[in-house]
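Reviewing the structure listed below.
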Amino acid sequence: MAVKFSFFSGNPSLDLINTEEMRRGKRIDSLSNRDDLNHWFQTLVTMGAFSEEQFGDVGGQLDEGLLSVLKPFRTKLRVLLEAAAESGTPPANLIEELEQTVKNAPLSYKYQADRLIPVPIGSFESALLSLIALDALDICTSGKLGGLHRCGNPRCIWLYLDHTGKRKWCSMKLCGNRMKASRFKLKTVGQPEELS
Ligand SMILES: [Zn+2]
């Protein structure tokens, strides 16, 4: 049965990384089989992170073979973007790898009245990786990098973009409320006299 994803940013690279999450101290992988992969891809299309025009015929290609490529790619993206979020300097070797990934399926453009849609030229797999790599490279540009953060919940491994400078959590609904609840618990347990 397909896993329900609880976090989407609209940035394909973050939405790939965030398919891994911590639940009760355990790392959970929401991309564990072909159904998960199909669900993830369709959700990104529905949410507008990808558009169907960016790919040729997808039929049957969201399979275990693609998963075996996507997972190590996800690991590299996490290393890159965690380092970038922490130090402000994305590792040069990983940037080069992403540039190469885009080169494997370089972009053409499709005109639509309201926007230009980048369309990678290559197989479905190369096109998908190219668009995700392009998104990660874009996040690493100086205009956007300052907005990249790790969630303020030390037990959460999600990354998010925020340019308001106000957001501390991947999601207020998830970690924001969790952290508020645990701070309240600490306060009330630590200072019981305030309760009486
Ligand atoms: Zn979080």
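The values are calculated or read from the model by the stated rules, or taken from the named source; none is laboratory data. None of these values were measured; they are calculated from a predicted model. Heads up, the Cβs are rebuilt from the backbone with ideal geometry, glycines too, and the neighbour counts pull from every protein chain shown.
Would you point out the residue of the stretch 163-179, among those that are within 12 Å of the ligand (Cβ to nearest atom) and surrounded by fewer than 17 Cβ atoms within 10 Å (Cβ to Cβ), that is modelled with the highest pLDDT?
Of the stretch 163-179, the ones within 12 Å of the ligand (Cβ to nearest atom) are 167-179.
After this cut, where a residue has to be surrounded by fewer than 17 Cβ atoms within 10 Å (Cβ to Cβ) as well, the list is 168, 172-173, 177-178.
On the way: K168: 91, M172: 84, K173: 83, N177: 84, R178: 76.
Among those that are within 12 Å of the ligand (Cβ to nearest atom) and surrounded by fewer than 17 Cβ atoms within 10 Å (Cβ to Cβ), it is K168.
Given S130, S108, which one is farther than 15 Å from L16 by Cβ, more than 13 Å from the chain's Cα centre (by Cα) and of a type in the set (G, A, S)?
Working: S130 fails: farther than 15 Å from L16 by Cβ.
It is S108.
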Looking at the stretch 90-113, is at least one residue touching a residue at least 60 places away in the same chain (Cβ under 8 Å) and either away from the ligand (no atom under 16 Å from the Cβ) or of a type in the set (S, T, N, Q) (or both)? no
What number of residues within the stretch 55-69 satisfy the criterion of being at pLDDT 95 or above and either within 24 Å of H149 (Cβ to Cβ) or of a type in the set (S, T, N, Q) (or both)? 1
Among the residues of the stretch 13-51, how many are not aliphatic (A, V, I, L, M) and not in a helix (DSSP H, G or I)? 16
Only one of (1) modelled with pLDDT of 95 or more; (2) within 13 Å of the ligand (Cβ to nearest atom); (3) polar (S, T, N, Q) does not apply to S130, and that is (2)
Checking D63 against (1) closer than 16 Å to A136 by Cβ; (2) among the charged types (D, E, K, R); (3) more than 15 Å from the chain's Cα centre (by Cα), only one condition comes out false. Which one? (1)
Considering residues that are within 8 Å of the ligand (Cβ to nearest atom), surrounded by 15 or more Cβ atoms within 10 Å (Cβ to Cβ) and either over 19 Å from K26 (Cβ atoms) or touching a residue at least 40 places away in the same chain (Cβ under 8 Å) (or both), the number found within the stretch 139-156 is 1
